[in-house]
Structure formats: structure tokens, C-alpha cells
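What follows is one structure encoded as C-alpha cells, with my remarks underneath.
The values are calculated or read from the model by the stated rules, or taken from the named source; none is laboratory data. Since this is a predicted model, take the numbers as computed values, not measurements. As a convention, Cβ positions derive from the backbone with ideal geometry for all residues, glycine included, and neighbour counts pool all protein chains shown. Keep in mind that these areas ignore ligands, DNA and RNA; they rest on the heavy atoms of the full protein, side chains included. Shrake-Rupley method; radii C 1.70, N 1.55, O 1.52, S 1.80 Å.
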Amino acid sequence: MTKAQVLDVSVWRGGVSGEFVAYRVPRHDNQTVLDVVTYIQRHLDPTLSYRFACRVGVCGSCAMTVNGSPKWTCRTHVERVANGHRLSLSPLRNLPVIKDLVVDMRTFFTKWRRARGYFISAGTREDAFARVRPDSAQRRQADKGIECINCAVCYAACDVVSWKPDYLGPAALNRVWTLINDARDEHRDLHLAAVASDDGCLGCHGQQACLQHCPMGLNPAAGIAGLKRTVALAALRGEL
Ligand code: FES
């Protein structure tokens, strides 16, 4: 194979104290980064650990660091990210490494709980469906953040998370922004109280790495700015 037909791929192997290992992978048209990782595991080293499920950009499980940037790998074409014929693959930043390209997501999801990033309703199964008008102002605010697939790309991209490990991070805060704009949710006060701190929305420096890297094109930074405004208004009204 000529150089143009081969990718030189460095892959992080091991845990925190691992090292990069070099592999040579045949290059193809329309090849995704996930295709490259799968080739290595199926043909070169079956002990390589990585995650994926849907392969179509829905489940959010395939994210890793590609040539220095967090990416979802099933929808990232090699053509767009390869540095010539080189690819460097490592686990997502800001999360503990379990093995190779697999990180421990517990901190990420624990922060969703801490942020009260879950729907709270007093409704029962017997109630009729709540109707939310698609053109209502609140629904439009929620629309911007509702497509999150929990891939943790924004969390890995966020420098504030690196500096301050207790910071809730863009994904959890984005989720809370959708909930306080959800007319069916009955505990806006609890959601707001959970994020009204320096570890919550007030800790965001507005650097917008989340916006830059979100594979779904969402803007968590805008939601966090909305949370800051809502928290300030609630504080002025004595509601916090
Ligand atoms: S494998 Fe599901 S989003 Fe990539």
C-alpha cells in the first residue's frame, strides 16, 4: 500500500499511566474515525477497548479525543480531521480513564443529578397529556437545548471543568435550562436553586468551547447565560 492508502494511527493504550501505540490502517473513502478504531480492534488488536452503540449519531457513546479535539467518532470522517495521514486517538478529557479509549462517565451523570437535571411533575398516569404549544416563547427556549445526546463532548471541551472539577459542566446546565422552560415541570425553584452557585451556572466563563465542539450544533453557553439571567431575577425577587 502507498502512503496515501494508509493511515498512521496513534492510540492511547492502558489507563492513566498508559502510552500511545502506533497502528497502520488501510484508508478508504468516506471512512469514519469509528471505522478506524473498529478496524484496529477487529484486525490488529482485539484487546483494544472503546465504546459505541448506534453508529449513526444518536446514542452519544462513541466520543473520544481525535487529534486533540473531542469528537463523536461515528459521524466524524477521517478526511475532515486527519493531519495528512496521521490520526491520534485518546480518551475524552476531564473524565477518569478506565482503559484505552473508555472513560468512566459516572462523574458526568452524577452532575446531572446534582443539577437536578431531571423532569419533576406532580402529574399522574391518569392525567391527560399536557399540551405545550410549539410556538410558545418557553418552548422555543427549550428547543435550542433539547437535542442533547449526552455524549460529553462539551464536558471534555470545557476548560472550567478542568480547572474546577466540581463545576457542573455545560451538558447538565443545558439540561436544567430546558427544564426551567418546560411548562409541565413543577419545580422550577428546585432546578434553579441547584445551579445558582459558583459550581453551577455562575462558574461559566463564557469561553464557548461547548458551542464550538457540540456535534449536534447546540449552544449550551446560551442556555447557561439564560440560567444566569433567571437566577439573578429570582434573587432580586427574593425567590432564592
Ligand atoms: S455510536 Fe452512537 S453517537 Fe456514535
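Quick look at the numbers
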item: Residue check, CYS204 modelled with pLDDT of 95 or more, within 17 Å of ARG114 (Cβ to Cβ) and under 17 Å from the mean Cα position of the chain (by Cα); result: yes
item: Selection count where residues are away from the ligand (no atom under 16 Å from the Cβ), of a type outside the set (Phe, Trp, Tyr) and either under 20 Å from GLN5 (Cα atoms) or surrounded by 15 or more Cβ atoms within 10 Å (Cβ to Cβ) (or both), scope the range 17-39; result: 9
item: Residue count, the range 26-58 (criterion: among the β-branched types (Val, Ile, Thr), touching a strand residue (DSSP E or B) at 6+ places or on another chain (Cβ under 8 Å) and free of Cβ contacts under 8 Å to residues at least 40 places away in the same chain); result: 1
item: Strands (runs of 3 or more DSSP E) enclosed by the range 43-153 - at least 1 residues per element that are among the β-branched types (Val, Ile, Thr), more than 16 Å from the ligand (Cβ to nearest atom) and open to solvent by 20 Å² or more (accessible area, probe 1.4 Å); result: 97-99
item: Residue check for ALA22: in a loop (DSSP other than H, G, I, E, B) and either closer than 30 Å to LEU190 by Cα or not assigned by the TED database to the domain that holds GLN212 (or both); result: no
item: Single residue of LEU202, LEU173 found to be part of a helix (DSSP H, G or I), touching a residue at least 24 places away in the same chain (Cβ under 8 Å) and open to solvent by 30 Å² or more (accessible area, probe 1.4 Å); result: LEU202
item: Residue that is farthest from PRO96 (Cα to Cα) [pool: residues in the range 1-16 that are open to solvent by 10 Å² or more (accessible area, probe 1.4 Å) and part of a strand (DSSP E or B)]; result: ASP8
